[in-house]
Amino acid sequence: MLDIARVRADFPILSRQVNGKPLVYLDSGASAQKPQVVIDTITRAYSEDYSNVHRGLHTLSSISTENYEAVRGKIASFLGAASEDSIVMNSGTTEGINTVAYGWAMPRFEPGDEIVLSIMEHHANIVPWHFLRERQGAVLKWVDIAADGSLDPQAVIDAIGPKTKLIAITHMSNVLGTVVDVKTICQAARERGVAVLIDGSQAAVHMTVDVEDIGCDFYAVTGHKLYGPSGSGGIYIRPERMAEMRPFMGGGDMIREVRRDGIDYNSPPMKFEAGTPGIVQQIGLGAALDWMTALGMDNIAAHEADLRDYASQSLAGLNWVSVQGTAPGKGAMFSFTLEGNGHPHDISTVLDKRGIAVRAGQHCAGPLMDHLGVAATTRASFAVYNTRDEVDALVDALHLCHELFA
Ligand code: PLP
């Protein structure tokens, strides 16, 4: 069991007030707050050790390179990857998925080749595939979810046809909290020679991930949701797939030699990391992963399961609140609408006046919103530092919204 008061004490921002009220931060699905160790690591990296990486022979450059490169191994072990060489470091999931779209998919897609997607993907796992549709005649095949927001892995497997080359699917919906059985999908896809890209932006924050066990080809994560800095992240790429990829961006660091008449690439994964990277952001991410690992992913998951159950019960008691997504085993994430004329933006504003931060809108999930038949929702997303008291604060404030907007 985690001591949540101690966990909270690691986050300086959680002791501030917003609009005269203690901050209740329920927007970690958008971006998580940062523990002191991450802030200190960033400060130290800039104030004591800063230099560019991979380029200099001087002491600071060696220290910076060592600290930066150490993060590759931390991401690998956090994701259960057998080798750190299968991790391409980047600015986050969006860059990771685009690296695969440009580097792996574009060279091998013929007109009519298919990508299977679930209806609950984030735009980051939709738009790059629309590029393939627009530019190369790829076909996007959408798999629907059930009424409770769950996704039947068999429905994804059934969508695989002779022209399917890739399944691009979320591990956890950023709107519904639905957790997808990606392992079953990956097993079937492998038997059929279809690659699977998993958007792990949300899942990796809340549960143990083991890419070798899942059997995926690509697994993308984003550092700012993992309690790390914005502009940090990484993607696991199965070695066979990495060998098939061509670089997405060109520039320094990803080449060994540049001549007038040609270039020699650096060896993977560096081949896929062009230019000066987010050095300090990445070093900060390393500190965040260490912090999460020390807490223990099982402990994090257990605490968040308690918050999920408590919030589910509390919200179920409000018959004027409709929660979208009630799939068993979902994450502690609640998108909802209220009876009456309260737009999610208005609800969010009322909550903010009480110090409660939530997200309102489409959550970068246009096709899901269409499927659900809602223009927008309010989303409360929980993290390891949240408490049952904060669920109560949300429920109290929702009563006020109900009075105002009924
Ligand atoms: N995928 C999911 C499920 C997300 O929730 C997000 C962020 O909200 C992303 C992808 C995009 O992450 P980033 O903007 O950090 O690249």
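The values are calculated or read from the model by the stated rules, or taken from the named source; none is laboratory data. All figures in this text were calculated on a predicted structure; none of them were measured in a lab. FYI the Cβ positions are ideal-geometry reconstructions off the backbone, even for glycines, and counts take in every protein chain you see. Surface accessibility is based on the protein's heavy atoms, side chains included, excluding ligands, DNA and RNA. Shrake-Rupley method; radii C 1.70, N 1.55, O 1.52, S 1.80 Å.
A few notes on this one:
- Of the residues LEU14, LEU2, LEU23, the single one that is on the phi < 0 side of the Ramachandran plot, open to solvent by 30 Å² or more (accessible area, probe 1.4 Å) and either aliphatic (A, V, I, L, M) or in contact with a strand residue (DSSP E or B) (Cβ under 9 Å, 6 or more places away or on another chain) (or both) is LEU2.
- Residue check, ASP144 touching a strand residue (DSSP E or B) at 6+ places or on another chain (Cβ under 9 Å) and either within 16 Å of the ligand (Cβ to nearest atom) or open to solvent by 10 Å² or more (accessible area, probe 1.4 Å) (or both): yes
- Residue match in segment 253-271 (condition: within 13 Å of the ligand (Cβ to nearest atom), open to solvent by 30 Å² or more (accessible area, probe 1.4 Å) and farther than 14 Å from LEU79 by Cβ): no
- Scan segment 346-357 for residues that are open to solvent by 10 Å² or more (accessible area, probe 1.4 Å) and out of contact with any Phe, Trp or Tyr (no Cβ under 6 Å at 6 or more places or on another chain) and the total you get is 7.
- Selected residue (only one of ASP40, ASP27, ASP85 is under 30 Å from ALA393 (Cα atoms) and not hydrophobic (A, V, I, L, M, F, W, C)): ASP27
- Count of segment 81-129 residues, restricted to those that are within 16 Å of the ligand (Cβ to nearest atom), surrounded by fewer than 23 Cβ atoms within 10 Å (Cβ to Cβ) and of a type in the set (S, T, N, Q), is 3.
- Of residues in segment 166-187 being farther than 22 Å from GLY361 by Cα and open to solvent by 10 Å² or more (accessible area, probe 1.4 Å), the one nearest to the ligand (Cβ to nearest atom): ASP181
- When each of ALA332, ALA360, ALA393, ALA375 is tested for being farther than 27 Å from VAL7 by Cβ and either among the polar types (S, T, N, Q) or open to solvent by 10 Å² or more (accessible area, probe 1.4 Å) (or both), the lone residue that passes is ALA375.
- Taken as a whole, the condition of being among the basic types (Lys, Arg), touching a residue at least 24 places away in the same chain (Cβ under 8 Å) and open to solvent by less than 80 Å² (accessible area, probe 1.4 Å) does not apply to ARG246.
- Unique residue being under 13 Å from the mean Cα position of the chain (by Cα), modelled with pLDDT of 95 or more, more than 10 Å from the ligand (Cβ to nearest atom) and not acidic (Asp, Glu) when the list is MET207, MET249: MET207
- Count of segment 276-309 residues which are free of Cβ contacts under 8 Å to residues at least 40 places away in the same chain and acidic (Asp, Glu): 1
- Filter pass, LEU394 being more than 16 Å from the ligand (Cβ to nearest atom) and outside any loop (DSSP other than H, G, I, E, B): yes
- Of everything in segment 188-201 that is open to solvent by less than 10 Å² (accessible area, probe 1.4 Å) and not hydrophobic (A, V, I, L, M, F, W, C), the residue that is nearest to the ligand (Cβ to nearest atom) is ASP199.
- Residue check, GLU273 of a type in the set (D, E, K, R), touching a residue at least 12 places away in the same chain (Cβ under 8 Å) and closer than 23 Å to ALA147 by Cα: no
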